[in-house]
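Heads up, the thing below is written out as structure tokens.
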């Protein structure tokens, strides 16, 4: 999904790690999450029963559309466009007075 004003992907969520834990810990977390996503991509049927039990919509096609929308290659690696989208999102938030200037870089890894 791309925003009309920026032509950048729209950030839908994030994983945050407390800065006190250090960049090495953040990078370890990033690697573990990546391994989990890789596993899910390789074995898409493993989560089916869980998803079916907790889904608001029970139609299989709708469930698969939601999964493809929210779990995709950006989940594994947001890439340069994703980083730019997040930086732009935070910059717009700062310009509007909603966010303070960060003390640390947004990306630890």
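Bear in mind these aren't lab numbers, they're just calculated from the coordinates by the rules spelled out. This is a predicted model, so every value here is computed, not measured. Glycine gets a Cβ as well: all are built from the backbone with ideal geometry, and neighbour counts include every protein chain shown.
For the stretch 77-107, a residue qualifies if it is in contact (Cβ under 8 Å) with a residue 40 or more places away in the chain and more than 23 Å from residue 7 (Cβ to Cβ), and exactly one does: 104. Of all residue pairs spaced 6 or more apart or on separate chains, those with beta-carbon atoms under 6 Å, a first member in the stretch 21-32 that is at negative phi and touching a residue at least 60 places away in the same chain (Cβ under 8 Å) and a second member that is surrounded by 14 or more Cβ atoms within 10 Å (Cβ to Cβ) and not in a helix (DSSP H, G or I) are 23/108; 26/17; 26/108. Here is the figure for the stretch 3-12: residues that are out of contact with any helix residue (DSSP H, G or I) (no Cβ under 8 Å at 6 or more places or on another chain) and either on the phi > 0 side of the Ramachandran plot or in contact (Cβ under 8 Å) with a residue 12 or more places away in the chain (or both) total 1. Among the residues making up the stretch 27-38, a single one is more than 17 Å from residue 69 (Cα to Cα) and touching a helix residue (DSSP H, G or I) at 6+ places or on another chain (Cβ under 8 Å): 34.
Summed over the stretch 5-34, residues that are surrounded by 11 or more Cβ atoms within 10 Å (Cβ to Cβ) and under 25 Å from residue 81 (Cα atoms) total 17. Name the pairs: first residue in the stretch 61-76 and closer than 16 Å to residue 46 by Cα, second residue exposed (fewer than 11 other Cβ atoms within 10 Å of the Cβ), Cβ to Cβ under 9 Å, at least 6 apart or on different chains? Going by the 9 Å Cβ cut-off, the qualifying pairs are 63/57.
Listed by position, the helices (runs of 4 or more DSSP H) inside the stretch 1-99 whose residues that are within 17 Å of residue 109 (Cβ to Cβ) and within 15 Å of the chain's Cα centre (by Cα) number at least 3 are 23-42, 73-76, 79-95.
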